[in-house]
Amino acid sequence: MRFAEVIVDVPAKAVNRPFDYAIPSALEAVVEPGSRVGVPFGKRVIQGFVTAVRDTSEVPANRIKELVHVLDPYPVLTPSLIELTEWMSSKYICSRISCMQAMLPGALKAKYDRMFAVQDQAGQTWMDTPMTQYVREKGEVSWDELHTMFPDEAAGIRKLLSDGILMERTRMKDRLQKKMQLVVYPHPSSTVLDKALADCPPQAKRQRELIAYFLDHPEPIVLSELLVKLEMNASTVKRVCELGCAEMKETEMLRDPYADRDFGQTTPLSLTIEQQEAYDRIVDALHMNELHTFLLHGVTGSGKTEIYLQSIATCLARQQEAIVLVPEISLTPQMVERFKGRFGDRVAVLHSRLSQGERYDEWRKLRQGQAQVVVGARSAIFAPLERLGLIIIDEEHESSYKQEETPRYHARDAALQRAKLEKAVVVLGSATPSLETYEAGLNGSLETMTLPNRVGARPLPRVHVIDMRHELKQGNRSMFSRPLHEAIVKRLERKEQMVLMLNRRGFSTFVMCRSCGYVAECPHCQISLTYHRHIQHIRCHYCGYTERELETCPSCQSQHIRYFGTGTQRVEEELVKLFPGIRVIRMDVDTTTEKGSHEKWLTQFGRQQADVLLGTQMIAKGLDFPNVTLVGVIAADTILNLPDFRGAERTFQLLTQVAGRAGRHELPGEVFVQSYAPEHYAIELASRHHYQPFANKELVMRKLRDYPPYKQLVLFTVSHEMANIAMNFTEKLGKVLKEKLHRLTRDYEVMGPVASPIARLKDRYRFQCMIKYARDLSVTEVIEQALEQLEDEIKNRQVRVTTDVDPYILM
DNA sequence: AGCACGCCGACT
DNA sequence: GTCGGCGTGCTC
């Protein structure tokens, strides 16, 4: 007898461990580590994942049940992915089942239905009510259906259940819908076909035509394609099938979201000396067959993608597979095209715009080895590949690699961990590496390669920083400075295009003096204060420091205090007003929700059907339009002034990215950056394309203020319907954490409690506290112990606690 | 997360 | 006396 260890589909701490099941002999051959199975758990049958198969079990035989289903023809998790869930659940303090679910397409997540049937006892139909009669006729009815048909009988149903007249069970099913199509399978023997053709009466022209076609094309073909191809009627095909020349079968098809697109085959470009050197080092590492991590630090337009492509080609030639992670927003058709163009059908693409079914099919292509390269957003790091050789993370610094729901993992960290398990090579690519990665380069835990020049020796665009305080003093109250205004007019005259960006992110407004650029900051945290309109206070979201809203500027006494929060819509209005006849495409979350709209707008802009592409930071990346000669940043300070210690880093990154959109081809580019703090080092150094001085300076600041990469953070958010309960519990949590941390180290800090920037969400008040500790420390156990100690209180008072390790959004 | 078991209050 | 509220504890 063999036994399977199974992680069950219940995301609760109490069952976050493997349960043992006996494997019935009929299933012994198909149950493997990674198999998705159905197991009896309590009185239900639920889904689970096998983590190991063993010959013995510690659990007393009388308590062991048998697993009842194996749900797929192959294990859905690879051994490495199973192991990765151990790291992930411990690092991010979440259940293993939630990690496993994050690794798989949504189609494989189980759905559970309560099903009802009438206990069959002959001769009892005389006691039927309309409801029992209905159930009896249907055999088995789901709770949803029953409830819609008989909305007032909830109590009646309960009664019937306890009387044993109705039976209830839980039905488990997955959400996958395989795409089925009618496929025509020609008879494999040409002699049979020849004979049929000879027997076919000459007047049956279409039938003869079809049989002749089968002789030339013996491969199976989708019915609808065949009909189009031969301009034929389905009845003809049916008749020919009846003659025994072919068979028609419902067949499961893999959807190909890119089926109707023709990606022109591209060939490797010749590499510059710098590119060649980087490529060579990656290839050397691939041959070593062990974990090796590179930072590929290349300015925008330095040709990083070509290095990726050729490294992947080498990886494939070694019979190994590759993962390419790209931030969701830059997973544009342009990007997909480059990979499909080089590797064709060997590429699977995974992104959020695919339907659930499409995503499942792309996933299966990888699982079944039909595709060996995956290009995808964050979760593609869990692609089910078994011979992984290379992981590429493009735009490594992007915050979209951090998942903001449980499990709150960071794809870069997951990649490093997975590469360690699979002895793979990791390439982190960026023009503006995150400080975490840059610092890792300095301390030697990864190898840095630099591409300081653009391909073709095109110069980086000239960046003008415009002091908006000065503009105001000169009497210009518009959102466009005069230099930017002039530049726009010039482009309109010359029929060149421009990209205007307003990085309006989040909703926190910040407080600034328009005369001198003073921004209200917390005296303890060096973090800009957030305006809370309803209480007319400004407040620090890190430590809770609060003061009254400002009437005059503490620095220059002027009354030009503004609460910032201009959106793209206002800019669009203004553009139309100032430049009559201007054609604007606005791209932000409001205009790009529709499937394919992203692509549509960009195509339109590429065809020069608009003068201006106006958008949020989603337009900052990856775009490459030859006719764009002007990039304007309406307000460079918005991120700088968010309550976030990464403000300077993000500002530098964004300005560098967006500047890289200009002048990528023959026409030289110009960039205008409007700011109320042009002397800020992030803005000033970005305008001169000076990454290293920026990173070094920012690292000093981080060290000084005890922030990552030198310290680690864990953010706890507590919510409850009552504000005081939420706050009191947060305080208590902070206290318990402090006690436990204190036993482990002196090098820690507990901050808060403070109200969350989203102070109330879905009728629940939210408070948070944060711990900060030495980065070589693991605090998983401390946190687990603290939460365990408070478990009763969490349950009784119905507070909800979320734990965010290495948070990106501090709210 | 469900679900059963179990111990106290308010109804036919 | 029974129905049913939700506190407690378990699920291989």
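The values are calculated or read from the model by the stated rules, or taken from the named source; none is laboratory data. Treat the numbers as computed from the prediction; the structure is a model and nothing was measured. Here the Cβ positions follow ideal geometry from the backbone for every residue, glycine too, while neighbour counts run over all protein chains shown. Side chains included, ligands, DNA and RNA excluded: accessible areas come from the protein's heavy atoms. Shrake-Rupley method; radii C 1.70, N 1.55, O 1.52, S 1.80 Å.
Structure values in brief
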{"item": "Difference of contour (0.36 nm per residue) and Cα-Cα distance, A:ASP216 to A:TYR112", "result": "32.5 nm"}
{"item": "Whole-number accessible area per residue in Å² for chain A, which is evaluated in the context of all protein chains at 1.4 Å", "result": "46"}
{"item": "Karplus-derived 3J(HN,Hα), 6.51/-1.76/1.60, for each residue of region A:74-90, Hz, glycine and proline x", "result": "8, x, 8, 10, 7, x, 5, 5, 4, 5, 4, 5, 5, 4, 5, 5, 6"}
{"item": "Efficiency of FRET from Cβ geometry, A:GLU594 and A:ARG462, R₀ 22 Å, rounded to 0.05", "result": "0.05"}
{"item": "Shape call, region A:293-449: gyration tensor on alpha carbons, a/c limit 1.5", "result": "rounded"}
{"item": "Positive dipole terminus of region A:172-229, leading residue within A:PRO201, A:PRO188, A:ILE221 (C-beta point charges)", "result": "A:ILE221"}
{"item": "Gyration tensor (alpha-carbon) shape descriptor, region A:768-811, a/c threshold 1.5", "result": "oblate"}
{"item": "Under 5 Å, built H, 5+ apart or other chain: amide partners of A:ILE466", "result": "A:VAL673, A:GLN674, A:SER675"}
{"item": "In degrees, nearest ten, helix A:647-659 long axis to first principal axis of chain A (Cα)", "result": "80"}
{"item": "Euclidean distance of C-alpha centroids, region A:9-37 and region A:234-291, integer Å", "result": "34"}
{"item": "Carbon/sulfur fraction of accessible area - region A:678-740, other protein chains in place, 1.4 Å, %", "result": "54"}
{"item": "A:MET248 long-range amide H proximity, modeled H, under 5 Å", "result": "A:TYR185"}
{"item": "Value of D in µm² per second that Stokes-Einstein yields for chain A, Kirkwood Rh from Cα pairs, at 37 °C (0.692 mPa s)", "result": "107"}
{"item": "Estimated FRET transfer efficiency when R0 is 56 angstrom, pair A:LYS13-A:GLN692 (beta carbons, to 0.05)", "result": "0.80"}
{"item": "Packing-based ranking, highest mean first, of A:139-147, A:362-370, A:671-679 given that Cβ atoms within 10 Å are counted", "result": "A:671-679, A:362-370, A:139-147"}
{"item": "Dipole of chain A, positive direction: furthest Cα of A:THR236, A:LEU416, A:LEU366, with charges on the beta-carbon", "result": "A:LEU416"}
{"item": "Karplus 3J(HN,Hα) series, Hz, for region A:419-424 with 6.51 cos²θ - 1.76 cosθ + 1.60 (x for Gly, Pro)", "result": "4, 5, 5, 9, 6, 10"}
{"item": "Inter-probe distance in nm under a simple model that places probes 7 Å from Cα toward Cβ, at A:ARG746 and A:ARG548", "result": "4.3"}
{"item": "Distance violations [Cα-Cα > 19 Å] among A:LYS13/A:LYS91; A:LYS109/A:LYS420; A:LYS65/A:LYS111; A:LYS402/A:LYS738; A:LYS13/A:LYS65", "result": "A:LYS109/A:LYS420; A:LYS65/A:LYS111; A:LYS402/A:LYS738; A:LYS13/A:LYS65"}
{"item": "Burial order of peptide ranges A:22-35, A:103-116 (average beta-carbon count within 10 Å, highest first)", "result": "A:103-116, A:22-35"}
{"item": "Global form of region A:325-408, assessed from the alpha-carbon gyration tensor, a/c cut-off 1.5", "result": "rounded"}
{"item": "Long-range HN-HN contacts of A:MET253 with modeled amide H, under 5 Å", "result": "A:LYS179, A:MET180, A:GLN181"}
{"item": "Using a Förster distance of 35 Å, the FRET efficiency for A:SER235-A:SER352 (Cβ separation, nearest 0.05)", "result": "0.25"}
{"item": "Rounded to 10°, Cα long-axis angle of helix A:190-199 versus longest principal axis of chain A", "result": "60"}
{"item": "Using alpha-carbon coordinates, inclination of helix A:273-288 to the longest axis of chain A, degrees", "result": "50"}
{"item": "Linear extension gain, A:ASP280 paired with A:GLU573, 0.36 nm per residue minus alpha-carbon span", "result": "100.4 nm"}
{"item": "Region A:770-811 residues near the modelled A:SER445 label - backbone nitrogen below 16 Å, point 7 Å along Cα→Cβ", "result": "A:773-780, A:806-807"}
{"item": "³J(HN,Hα), Karplus 6.51/-1.76/1.60, whole Hz, each residue of region A:488-498, x for Gly, Pro", "result": "5, 4, 4, 5, 5, 4, 7, 6, 9, 9, 9"}
{"item": "Amide N proximity, region A:191-224 versus A:GLN181 label position 7 Å along Cα-to-Cβ, cut-off under 11 Å", "result": "A:221-224"}
{"item": "Per-peptide average of other Cβ atoms within 10 Å, ordering A:224-234, A:637-647 highest first", "result": "A:637-647, A:224-234"}
{"item": "Heavy-atom accessible surface of region A:273-457: percent carbon and sulfur, 1.4 Å", "result": "47"}
{"item": "Hydrodynamic radius (Kirkwood) for region A:2-110, which is based on Cα pairs only, to one decimal in Å", "result": "13.9"}
